[in-house]
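Notes to accompany the following structure.
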Amino acid sequence: MVTTMSTQPPAADATASSPKGGANKMWGGRFAKAPAELMAAINNSLPIDQRLLHEDIAGSIAHATMLGQVGIITDEEARTLCDGLAGIKADAIAGRLRFDDQAEDIHMAVEAALTERVGAVGGKLHTARSRNDQVATDFRLWLRTQCTAMHDKIKELQGVLLDHAEGHAHTVMPGFTHLQVAQPVSLAHHLLAYVHALGRDRTRFADAAKRMNECPLGAAALAGTPFPIDREATAAALGFDRPCGNAMDAVSARDFALETVSAAVIATTTLSRWAEEIVIWSNPRFGFVDLPDDWSTGSSIMPQKRNPDAAELIRAKPGVVLGSYVGLATIMKGLPMAYSKDLQEDKVTTFRAVDETTLAIDVMTAMTKSMTFSPDAMRDALEQGYPTATDLADHLVSAHGVPFRDAHAITGRIVRRAEAMRCALSQLPITEMQAEFPSITEAVRPKLDVTASMATRNSQGGTAPETTLNAIAAQRAQLSE
Ligand code: ARG
């Protein structure tokens, strides 16, 4: 630990009970020899779980306080333990804490640091608990914080998309199906689609945080404890809604991590879809969006290149996060009750998923903020795609009483004429249309205009500017809830 720690002699009582042959100080009583080097290599988790330091200290302070309150240790001892733990935390924040590299995991490292600091009374901290309930508590505390952080970050991204949307309720662009021009929509309508999806992604993290908010502490190894502990007190002190109801479940459940990581898979999948659109839209063939220099990268050989690397990396993240999910689910599958050491590997996969997801959201938010859109390029692409063909067919139905199926066929032939003349439908001479449907008149012309077409789609959730502006306001209201 504190490098000093491993080099200093152990406290007097600790020496008295310490095992022979350098066996583990915490559990070596029945062992004559220390673990083999390779045994230690596979067993030691400190490099990974030291991330749980602050949660471990918080859990231990709650536990020590409760032990004092119910009289399992004296008030004086409880105070000594809590002060010692607070001192370790202060050292960690100041960058002074060094873990004993012999420590098997974060829980033992903290206890060793505590005992070094306060003497033999440090050994009383582990009364009426086990590392099994301890690690489950630490992990839930950590993940609860991360769920809130990811939730809030997604909210920020939604805000950035809404800012862009607000300025583009009248910006007309091709709405795509099959990535082929379908109907005119506003850029705001397109961006709002992501705002809605991200709203579900964000609340999935909030739901996971709520469901995991039960406290394992006091479950001890798996069976509970004969000591008169107060689980309600420790649960409340750590901000949990209640203690976990079954001690075996408490120490062995990791569905809260599976749920969070699955929410991360889904959230990064949404991000990857927007990322893919950024890749497509920033291609000069589309030119819908301009990524500034600081969000583009160059090629080491092709001087002209401007690559959307960040978007491509975000596009790849669901692969990485799903890998974590599969890893974690595979670790959990078929594990008998209650604790098994397999569960130590849960943190490797979960930390990775959370880190990658957090990075992906942060990058997407910053990159989206930096983008500028090109309404001209959007309109050009739109005009080339006969996006008002549906409006023409609808006009034949409503103004001329043509059955829709026939109107569809007539319109298809009119589109072919426009294609042959290389012009937009709105530009096609009326005589060309009359060649396919003699009674059509110039009254159709306004229907072929993309902006007018967009404005007609004012059904709830539609792309008409007025409808979209109301939807933006409603989403803003949800964000400020
Ligand atoms: N480092 C262990 C983990 O992460 C802590 C619990 C160890 N419990 C045990 N019975 N060996 O799961």
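General observations
- Members of the range 106-134 found to be over 23 Å from R51 (Cβ atoms) and within 16 Å of the ligand (Cβ to nearest atom), listed by number: A128
- Qualifying residue in the range 233-247 (condition: at pLDDT 95 or above, in a helix (DSSP H, G or I) and of a type outside the set (G, A, S)): yes
- The one condition in (1) within 16 Å of the ligand (Cβ to nearest atom); (2) free of Cβ contacts under 8 Å to residues at least 24 places away in the same chain; (3) assigned to a loop (DSSP other than H, G, I, E, B) that E345 fails to fulfil: (3)
- Applying the condition of being crowded, with 16+ Cβ neighbours inside 10 Å and of a type in the set (V, I, T) to the range 282-325 and asking which residue is nearest to V172 (Cα to Cα) yields V289.
- Residue in the range 393-406 that is more than 16 Å from the ligand (Cβ to nearest atom), polar (S, T, N, Q), without any contact (Cβ under 8 Å) to a residue 12 or more places away in the chain and on the phi < 0 side of the Ramachandran plot present: yes
- The lone criterion from (1) part of a loop (DSSP other than H, G, I, E, B); (2) aliphatic (A, V, I, L, M); (3) within 15 Å of the ligand (Cβ to nearest atom) left unmet by I73 is number (3).
- The residues of the range 399-431 that are surrounded by fewer than 17 Cβ atoms within 10 Å (Cβ to Cβ), in contact with a Leu (Cβ under 9 Å, 6 or more places away or on another chain) and among the polar types (S, T, N, Q) amount to a single one, Q427.
- The condition of being in contact with a helix residue (DSSP H, G or I) (Cβ under 9 Å, 6 or more places away or on another chain) and surrounded by fewer than 21 Cβ atoms within 10 Å (Cβ to Cβ) holds for only one of V279, V261, that being V279.
- Residue among T127, T74 that alone is under 29 Å from R254 (Cα atoms) and of a type outside the set (G, A, S): T127
The values are calculated or read from the model by the stated rules, or taken from the named source; none is laboratory data. All figures in this text were calculated on a predicted structure; none of them were measured in a lab. FYI the Cβ positions are ideal-geometry reconstructions off the backbone, even for glycines, and counts take in every protein chain you see.
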